[in-house]
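What follows is a single structure, written as structure tokens, with notes after it.
The values are calculated or read from the model by the stated rules, or taken from the named source; none is laboratory data. Computed from a prediction, not measured in an experiment: that's the story for all the values here. Here the Cβ positions follow ideal geometry from the backbone for every residue, glycine too, while neighbour counts run over all protein chains shown.
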Amino acid sequence: MGVAITGMGIISAIGHSVAESKTSLLAPKSGIGTLKHIQTKHSDQIKVGEITLSNADLTTQLQLPKDHNYTRTGLLGLFAARAALQDAQISAISEYRTGLISATTVGGMDMTELYLKQFATDPEAQKYIQSHHAGDSTQKIADALNITEFVTTISTACSSAANAIMLGARLIKAGKLDRVVVGGTDALSKFTINGFKTLMIQSDDHCAPFDANRKGLNLGEAAAYLVLESDDVIAKEQKQVLAFLSGYGNANDAFHQTASSENGEGAFLAMTKALELARLTPEHINYINAHGTATPNNDLSESVALQRVFGSHVPDFSSTKSFTGHTLAAAGVVEAVFAIIALQEQTIFPNLNFKSPMPETGLKPVTSVVKIEVQHILSNSFGFGGNCSTLIFSKA
Amino acid sequence: MKNVYLHSAVSISAQNTFDSDGFLEDMKPISGSTVPAQYPNYKDFIAPMASRRMATGVKMGVSAASKALYNAQLTQPDAIITGTGMGCIEDTEKFLNSIIGNAEEFLTPTAFIQSTHNTVGAQIALGLKCKAYNNTYVHAALSFESALLDAQLLLQQEEAKHVLVGGVDELGTEIISHVRHMEDANTNGIQVPFGEGASFFVVSSEAKAIQLVDMDICSTASENTIQQKLNGFLNNNEVQASDIDVLIAGRNGDVFDPYYDSISTLFKNPTELHYKHLIGEFYTASSFSLWTAFRILNRQHIPKPLIYKGETKSKISTILLYNQFKGRDHSFILLKR
């Protein structure tokens, strides 16, 4: 059946908990809006999926000392990871071999970009020198949760969290861990806003994935984590299972550093591998949570790959990035949480802002909240560097 | 569960380790705050057009990967897995400084595109047109070890037969100068230069002379608990402390070196080696020690500059690698000939 998921925690632009996320998805209510927390020249020309809580709010809620050197990435990560453990009703960490695998792309960039020119002289700023590297947020989360042994960080651009979930599942299956907290965290930063600006793939309006006239993506920030546990722990502790991770696939497009290939080869391979591992055929998939960034290149390439895998019977699909924005390293796990909510509620979520299908494929995503029977959900995450990953979640 | 073997090992470091078929005969002492690697002739491995856009780490990584595949007589690996502590810090600093310097105007995408942590793994895949499993680990001093552990898992579980795995870090200029400054402000700080390099390996489930028996990582441990961890690790692998011929430790002279002393006391008559005084400290420096172990086991010879204490042995069959950074991110790697 796959690897059992027993807990989840999330913070994104559409809510600070699983319950709030569910409310927004069912409303449906997008979290995309105007940038508030970051000072940038581009504020008026972009829309973002920003979390309303400031760093000070997060510090208070997490009961951290005021002089801490958490970056926003670390704060968001701890917030969501703690919630995931609570949801799984885990308090005694050391009872079982427990690991943490977290994903990030920006790491401590949100502080580095503020303080780089003060690092030499300002003692207040210097505490952030050591928090620049990508492993820092993970180390802090591990320490706060008392996870002492298997701890690591993955960074494969926008497929990062999907790969973190995948590694966790493989370690459980191999019997190397009894349980593992898997997910990712990425804060918005001036660095990524300007980076995507140079690539000219950021929309000045609410993003419209899979639409013929899509103008690009909205950046977002989020952190989310799942708790995976072995069958032995589930049996012994009589744990309630939220859903199963039944398949996963990782492939590389090997086409271009940032662009996806025309035939969506990497995406096709990742989806095919995941289906094989789950021992499912395409017709078993009831809903696809697409990568769907709303860039012209990704959505076309992904659509072609979907048609290659599913032929003329592409299942109901949507991109929930129209709710959260593209949360980069966290996207894979944010959308994993949404997939689990969909399995629990037997409801699929709309692709907001869609008007007309792209002429190349004619594919139409789901545009309203729909109650359907959902047994298996396929979720895609693709990144720069050709990194393509697919996860399949199945009903408990 | 399949066994794991090392088929090739290639290293670019501050020493002449890449071009030479020797083994540290022409060792040069290193000093100063930072020490760059001895770069190979990139033209032998990368087309000049592509090379121009690549930062140091990408060029080192692609070259080392290419030679590791060649030495293992492998054209297409079943997986490409890299580890990097600081990622593409040159391009990161470049893009960051153009944002600051030009007040967010007139920016070009090249540095941003090449600044993502998975650039090395991506460029290797692109060069080989390799569509296989591809992953990048970025967890400080466990970056390379995480990559190796993933490779071990793929091979043991028969998800792959031949895996290309490597660790790479480039110095950059700005962040490293601040890190050095903080280190030097502390009398108990790191006593070797900061360095850079790339070490790549082909690991395989196909039997060869040198076996990667097992490895383990641990995020936090005290000097006492690390002894227990090691005992547990050796027990799991049915290895006695007396079986270890050589210990290669990641000593860098800072206040956390007692962790190495703590491990060292478990062995009665060890040959203990160090290496960071030859290549510098960086998050993936430990990948150099795996290259060193591979050469020692193959050649049955230990170059003098590597010896920290003890005598060199006539027959070397089992080597243990131990590394940590600032008292955290501990790793054990056990190799056997």
**region A:258-274 - residue that is in a helix (DSSP H, G or I) and of a type in the set (D, E, K, R) and, of those, nearest to A:GLN375 (Cα to Cα)** = A:LYS273
**Output for region A:91-134, where each listed residue is within 13 Å of A:ASN69 (Cβ to Cβ) and among the hydroxyl-bearing types (Ser, Thr, Tyr)** = A:THR112, A:TYR115, A:TYR128, A:SER131
**Prompt:** Which condition number in (1) among the acidic types (Asp, Glu); (2) within 21 Å of B:PHE112 (Cα to Cα); (3) surrounded by fewer than 24 Cβ atoms within 10 Å (Cβ to Cβ) is the one that A:ASP110 fails?
**Reply:** (3)
**Message:** On the basis of being in contact with a strand residue (DSSP E or B) (Cβ under 8 Å, 6 or more places away or on another chain), away from chain B (no Cβ under 11 Å), surrounded by 20 or more Cβ atoms within 10 Å (Cβ to Cβ) and in contact (Cβ under 8 Å) with a residue 60 or more places away in the chain, does A:ASP186 make the cut?
**Reply:** yes
**Asked** Out of all the residues in region B:284-301, which are crowded, with 24+ Cβ neighbours inside 10 Å and outside any helix (DSSP H, G or I)?
**Response** B:THR284, B:ALA285
**Fill in**
Counting only residues that are more than 14 Å from A:ASP178 (Cα to Cα) and in a loop (DSSP other than H, G, I, E, B), region A:217-241 contains a total of 5
**Request:** Starting from region A:376-396, keep only residues that are on the phi > 0 side of the Ramachandran plot, then list their pairs with residues that are of a type in the set (A, V, I, L, M) whose Cβ atoms are within a distance under 8 Å, requiring at least 6 positions of separation or different chains.
**Result:** A:GLY385/A:ALA157; A:GLY385/B:ALA122; A:GLY385/B:ALA125; A:GLY386/A:ALA254; A:GLY386/B:ALA122; A:GLY386/B:ALA125; A:GLY386/B:LEU126
**Message:** Looking at A:ALA144, A:ALA157, A:ALA134, can you tell me which residue is away from chain B (no Cβ under 11 Å) and touching a helix residue (DSSP H, G or I) at 6+ places or on another chain (Cβ under 9 Å)?
**Reply:** A:ALA144
**Message:** Anything in region A:189-218 that is touching a Gly at 6+ places or on another chain (Cβ under 8 Å) and more than 13 Å from chain B (Cβ to nearest Cβ)? List them, or say none.
**Reply:** A:SER203, A:CYS207, A:PRO209, A:PHE210, A:LEU217, A:ASN218
**Request:** For region B:257-276, indicate whether the set of residues that are surrounded by 24 or more Cβ atoms within 10 Å (Cβ to Cβ) and in a loop (DSSP other than H, G, I, E, B) is non-empty.
**Result:** yes
**Asked** Are any residues in region A:82-109 modelled with pLDDT of 95 or more, within 14 Å of another protein chain (Cβ to nearest Cβ) and outside any strand (DSSP E or B), and if so, which ones?
**Response** A:ARG97, A:THR104, A:THR105, A:VAL106, A:GLY107, A:GLY108, A:MET109
**Fill in**
Among residues of region B:167-193 being among the aliphatic types (A, V, I, L, M) and either part of a strand (DSSP E or B) or in contact (Cβ under 8 Å) with a residue 60 or more places away in the chain (or both), the residue nearest to the other protein chains (Cβ to nearest Cβ) is B:ILE175
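Each row is one residue, and each column tells you yes or no for (1) surrounded by 18 or more Cβ atoms within 10 Å (Cβ to Cβ); (2) modelled with pLDDT of 95 or more; (3) in contact with a strand residue (DSSP E or B) (Cβ under 9 Å, 6 or more places away or on another chain); (4) among the aromatic types (Phe, Trp, Tyr).
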{"site": "A:GLU237", "(1), (2), (3), (4)": "no, yes, yes, no"}
{"site": "A:ASN252", "(1), (2), (3), (4)": "yes, yes, yes, no"}
{"site": "A:GLU283", "(1), (2), (3), (4)": "no, yes, no, no"}
{"site": "A:ALA305", "(1), (2), (3), (4)": "yes, yes, yes, no"}
{"site": "A:PHE317", "(1), (2), (3), (4)": "yes, yes, yes, yes"}
{"site": "A:LYS321", "(1), (2), (3), (4)": "yes, yes, yes, no"}
{"site": "A:ALA329", "(1), (2), (3), (4)": "yes, yes, yes, no"}
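When you look at A:ALA259, is it out of contact with any strand residue (DSSP E or B) (no Cβ under 9 Å at 6 or more places or on another chain) and within 14 Å of another protein chain (Cβ to nearest Cβ), yes or no?
So A:ALA259 passes the test.
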**Request:** Filter region B:79-118 for residues that are charged (D, E, K, R) and surrounded by fewer than 18 Cβ atoms within 10 Å (Cβ to Cβ) and give the result.
**Result:** B:GLU104, B:GLU105
**Item:** Of residues in region B:302-337 being among the hydroxyl-bearing types (Ser, Thr, Tyr) and modelled with pLDDT of 95 or more, the one surrounded by the fewest Cβ atoms within 10 Å (Cβ to Cβ)
**Value:** B:SER317
**Request:** Return the total of residues in region B:251-270 being under 21 Å from the mean Cα position of the chain (by Cα) and closer than 20 Å to B:SER317 by Cα.
**Result:** 1
**Request:** Please state which one of A:GLY7, A:GLY33 is under 17 Å from A:ALA339 (Cβ atoms) and either surrounded by fewer than 23 Cβ atoms within 10 Å (Cβ to Cβ) or touching a Leu at 6+ places or on another chain (Cβ under 7 Å) (or both).
**Result:** A:GLY7
**Asked** When you scan region B:99-116, how many residues do you find that are farther than 18 Å from B:THR84 by Cα and either facing chain A (nearest Cβ under 8 Å) or touching a helix residue (DSSP H, G or I) at 6+ places or on another chain (Cβ under 7 Å) (or both)?
**Response** 9
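Have a look at A:THR281, A:THR320, A:THR324 and point out the one that is touching a Phe, Trp or Tyr at 6+ places or on another chain (Cβ under 6 Å) and among the β-branched types (Val, Ile, Thr).
Details: A:THR281 fails: touching a Phe, Trp or Tyr at 6+ places or on another chain (Cβ under 6 Å); A:THR324 fails: touching a Phe, Trp or Tyr at 6+ places or on another chain (Cβ under 6 Å).
One residue alone meets the criteria, A:THR320.
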**Message:** Among the residues in region A:162-169, are any buried (at least 24 other Cβ atoms within 10 Å of the Cβ), under 17 Å from A:ALA84 (Cα atoms), facing another protein chain (nearest Cβ under 7 Å) and of a type outside the set (Ser, Thr, Tyr)?
**Reply:** no
**Message:** Could you go through region B:203-225 and let me know if any residue there is buried (at least 18 other Cβ atoms within 10 Å of the Cβ), out of contact with any Phe, Trp or Tyr (no Cβ under 6 Å at 6 or more places or on another chain), among the acidic types (Asp, Glu) and assigned to a loop (DSSP other than H, G, I, E, B).
**Reply:** no
**Message:** The conditions are (1) farther than 28 Å from A:ASN298 by Cα; (2) outside any helix (DSSP H, G or I); (3) facing chain B (nearest Cβ under 9 Å), and A:THR112 fails exactly one of them. Which is it?
**Reply:** (2)
**Message:** What's the number of the only condition in (1) closer than 29 Å to A:VAL227 by Cβ; (2) part of a helix (DSSP H, G or I) that A:PHE244 fails to meet?
**Reply:** (2)
**Fill in**
Restricted to region B:146-171 and to residues being under 21 Å from B:LYS326 (Cα atoms) and touching a helix residue (DSSP H, G or I) at 6+ places or on another chain (Cβ under 7 Å), the residue surrounded by the most Cβ atoms within 10 Å (Cβ to Cβ) is B:VAL168
**Prompt:** A:GLU335: closer than 30 Å to A:SER189 by Cβ, in the same structural domain as A:PRO296 (by TED's automatic domain parsing) and among the charged types (D, E, K, R), yes or no?
**Reply:** yes
**Fill in**
Of the conditions (1) part of a strand (DSSP E or B); (2) in contact with a His (Cβ under 8 Å, 6 or more places away or on another chain), the single one that A:ILE193 does not satisfy is (1)
